[in-house]
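The next block holds one structure in the form of structure tokens; read it before the comments.
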Amino acid sequence: MATKVLARAREVIVLAPKRTLIVVAVLVGVVILYVLGNDKQKQGGTNNANTPAASSTACRVAVIADVLNVRQSPDVKAQVVGKFQRNAEADAEKVVQNGFRKLSENRWVSNDYVKPLQGRDC
């Protein structure tokens with residue numbers, strides 16, 4: 001009986017550091033992935049209306065209407081996929097079609113209700 005208890009005690013002593021090491025390694029991995037994901041977001045991993053353009057001279061516009069609909073295509077009858085409030089800013093492309101400025105894929109706004117920011121190439 002005593003030998004079984006001693007054998008079990010040795011087993012627990014040997015396995016405990018391994019388990020602890022595995023848990024710590026997994027936690028470190030999760031923290032690293034979290035930090036890398038945060039850095040990517042800060043560098044503009046996604047392109048949305050609140051993210052500044054990568055270049056300080058890229059096209060960026062400000063909304064001059066009280067509320068501006070963002071449409072799926074450059075057509076007044078196209079589905080509304082978002083809205084901007086007055087003075088909101090958004091990255092845009094130089095493309096203007098049917099009186100609509102392209103913001104990104106499937107995102108268009110009426111060019112009459114946005115103005116390029118000063119010093120931007122639109």
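Quick note: the coordinates plus some simple rules give every number you see, no bench work behind them. Since the structure is predicted, the reported quantities are computational estimates derived from the model, not experimental observations. Every residue, glycine as well, gets a Cβ built from its backbone with ideal geometry; the counts of neighbours run over all protein chains shown.
Could you work out how much longer the chain between Gln72 and Val95 gets when fully extended? Use 0.36 nm per residue separation minus the Cα distance between them, nm to one decimal.
Working: separation 23, 0.36 × 23 = 8.28 nm, distance 1.46 nm.
Full-extension gain reported as 6.8 nm.
Give, in nm to one decimal, the length gained when the segment between Ala65 and Val80 is fully stretched (0.36 nm per residue of separation minus the Cα-Cα distance). If you can, show how the numbers build up before the last one.
On the way: separation 15, 0.36 × 15 = 5.40 nm, distance 1.57 nm.
Working it through step by step, the gained length comes to 3.8 nm.
Placing dummy labels 7 Å off each Cα toward the beta-carbon, the span from Gln118 to Ala58 is 2.3 nm.
Tally Lys and Arg at +1 and Asp and Glu at -1 over the other residues with C-beta under 11 Å from the C-beta of Pro116: what net charge comes out? That sum, taken over residues with Cβ under 11 Å, equals +3.
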